[in-house]
1. If you go through the range 71-124, how many residues are hydrophobic (A, V, I, L, M, F, W, C) and not in a helix (DSSP H, G or I)?
2. Which one of the conditions (1) charged (D, E, K, R); (2) within 16 Å of ligand 2 (Cβ to nearest atom); (3) open to solvent by 60 Å² or more (accessible area, probe 1.4 Å) does K103 fail to meet, given that it meets all the rest?
Amino acid sequence: MLKCLLFRRPRRQDLLAYSVSIVSIVLISVSASATELESRIARGGRLYDNWITVLKSDAPKDNHPAWPAANTNKTGAVTWRCKSCHGWDYKGRDGAYATGSYKTGIAGITNFSNAELGRVVAIMGDKTHGLGEKLKEQDLQDLALFVSKGQIDLDGMIERANKKPKGDVAKGEIYYNTICAGCHAKDGTMPTDMPESLGKLANDNPWEATHKIFNGQPAEAMPAMRALDGHITADLLAYVATLQKTK
Ligand code: HEC
Ligand code: HEC
């Protein structure tokens, strides 16, 4: 049977079948890349973190008009970052920013999880936000994808009361040493221009560390772990929090 398949001359129908399957493979791969959303959600997450850095935009000098005058801890460009008003845990006044230097009294974005993308785009262009002109259509779409499809309930990974990660430290060590240590060193103190060690960030602000592990660091060549099972990020956070807090 094998012999006859190998040695007979290809018939017209066979050639036709081969070419049809080649065409369908090409079609499948084209449609798969057009519908691949995870990388766009991750980019939306980096824009949420700091769209000014991602887009290399001119940093606004004035406060964002919606930044409350009562909060004088923060001024200028930082008040324009989505995360500054809505939080690393996406819960705004009901999350970690209920108190502290980023306290604004502004709501979170959790009610817009699964929202229609057009509704989120409309909010960013509304009078409160005034971002319609500053962001391009692709940026607005990626941000909307993040808000609608990218929010993860971090309470499943971080104990809110004491900031303790809930992941598996031993598994996290394996992921960290194989995926992250090449850039960050085994002790989490690299690269040299990083303001603080990963261990310090993971302890001081585990929500920020987790957002960045899922989505990457704005304008840096850091991978976004979002495409992989969320447990991996939870385990990574648990291990990173055991690393040294000094640089
Ligand atoms: C200076 C503060 C500020 C910044 C920066 C900001 N927002 Fe908002 N946002 C608000 C305010 C104020 C509201 C209205 C809700 C309220 O009054 O608490 C709001 C509402 C929202 C809502 C609707 C929440 C709801 O449940 O009604 C979404 C979604 C949202 N913002 C997304 C974003 C995104 C995405 C960005 C970044 C591109 C962003 N915001 C940047 C202040 C801000
Ligand atoms: C290709 C290199 C690279 C890899 C791999 C990488 N990162 Fe990063 N990461 C960076 C760079 C560059 C920065 C920005 C450093 C700076 O702010 O100067 C960064 C920043 C961070 C930050 C934010 C630090 C801060 O203070 O803002 C965290 C958290 C982080 N990385 C965790 C991880 C984890 C966990 C992994 C493994 C899953 C990882 N990174 C893999 C390059 C990388």
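The values are calculated or read from the model by the stated rules, or taken from the named source; none is laboratory data. Bear in mind that the values here come from a model prediction, so they are computed numbers and not experimental data. Here the Cβ is made from the backbone with ideal geometry for all residues, glycine too, and neighbour counts use every protein chain on show. Side chains included, ligands, DNA and RNA excluded: accessible areas come from the protein's heavy atoms. Shrake-Rupley method; radii C 1.70, N 1.55, O 1.52, S 1.80 Å.
1. Residues flagged as hydrophobic (A, V, I, L, M, F, W, C) and not in a helix (DSSP H, G or I) within the range 71-124 amount to 5.
2. Result: K103 fails condition (2) only.
Residue by residue, here is whether (1) assigned to a helix (DSSP H, G or I); (2) open to solvent by 70 Å² or more (accessible area, probe 1.4 Å); (3) among the β-branched types (V, I, T) holds:
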| position | (1), (2), (3) |
| --- | --- |
| Y175 | yes, no, no |
| G182 | yes, yes, no |
| K186 | no, yes, no |
| E196 | no, no, no |
| I213 | yes, no, yes |
| R226 | yes, no, no |
| T233 | yes, no, yes |
| T242 | no, yes, yes |
